[in-house]
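Okay, so here's the structure we're looking at.
Every read-out reported here was derived from the displayed coordinates using simple, explicitly stated rules and does not represent laboratory data. What you are looking at is a predicted structure, and each value in this text was computed from that prediction instead of being measured. Counting neighbours? That spans all protein chains shown, and the Cβs are built from the backbone with ideal geometry, glycine included.
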């Protein structure tokens, strides 16, 4: 089997020759500070980007289809330091404060002000982010035609982007106080999808269509199911319509937090998958599988088990959950977020050794087995 055939087997609840260990930036890769630490502890220096990481650890990722949108103005920023902090101001009026070298340290920034504060600021953000021309739909043909690995394409966001632009408090209030503004943001996303993404789905017929949302927190959804159905569902249904017409097998949504209620809503709007199934907030893969027997889950392996000193947590995290999920099918094992800056090389080798044993892929990867 090649990776495309394995992917289709998993999606169709069949048994592949081995279970592929999926990886993607932001979910299964590693923060820069963690990569530096791993190099000190034994990771070869040549393992320094996503492709070399996949080779070394015996993982895979899908082929990305890039948007047709080109020449959006973009949001310009300026930055300066004050003491131990870096401040970043955007031309939209947003202001962020973070520790210096935060891309290595990876500490949560302080969002002092956000891009969107009212309709006028939203219109400015919209204009700066709207593409002004389309690329040639054929320019990705050499890479995607006759592929042996599944292809995936992003299909925007709804309330997740509103929260990103407005901040969670203002966005939550806007759902009730300014629903027309949220609706307008979502309609813009759908227009962008129709203009710059739908033609690519029709041309290349990807196996995966992905939406980013992050609309949940550690206890459940940030917005109500009623608000989701009213404000967000039209975008999802439009994406699902195009994707289903073109034979996409997996329509999956990336949302942090506890997604038990959200997964049920996704089935309502024609989607059939969710990741990364964060474990710290209690997502129960086996319970969700029993409730949604035809839904695709990806993730669900607690990233913190690979941190230095946490090796004792690895086996209890993997057994019996991962073998049981593979037995039921429709599941891609992967970490539930990017590996942290305190990841340990010995711990990661131990975890990957066991994952490959569970998945029947001991022949993959170049790391030392533990």
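Hey, with R₀ at 22 Å, roughly what FRET efficiency would residue 87 and residue 118 work out to, going by the Cβ-Cβ distance, to 0.05? Calculated transfer efficiency: 0.45.
When 261, 78 are arranged by Cβ crowding within 10 Å, least crowded first, meaning fewest neighbours, the order is 78, 261. Maximal additional length on extending the residue 49-residue 195 stretch stands at 49.4 nm, based on 0.36 nm per residue less the C-alpha distance.
When DSSP beta bridges are restricted to pairs lying wholly in the chain, around 45% turn out antiparallel. Distance between the pseudo-spin-label points of residue 147 and residue 134 (7 Å out from Cα toward the beta carbon): 2.0 nm. When 321, 37 are sorted by how many other C-beta atoms sit within 10 angstrom of their C-beta, beginning with the fewest, the order is 321, 37. In plain terms, if you count all Cα to Cα distances in the chain and split them into 20 Å steps from zero, the share in each step is 27, 60, 14 percent. Label-to-label distance, residue 327 versus residue 280, with points set 7 angstrom from Cα along the beta-carbon direction: 3.1 nm.
Each of 53, 159, 122 was scored by other Cβ atoms within 10 Å of its Cβ. Arranged with the fewest first, they read 53, 122, 159. Approximating the spin labels as points 7 Å out from Cα along Cα→Cβ, the residue 71-to-residue 4 distance works out to 3.4 nm. If the segment from residue 226 to residue 169 were pulled out straight at 0.36 nm per residue, it would be longer than the present Cα-Cα gap by 18.7 nm.
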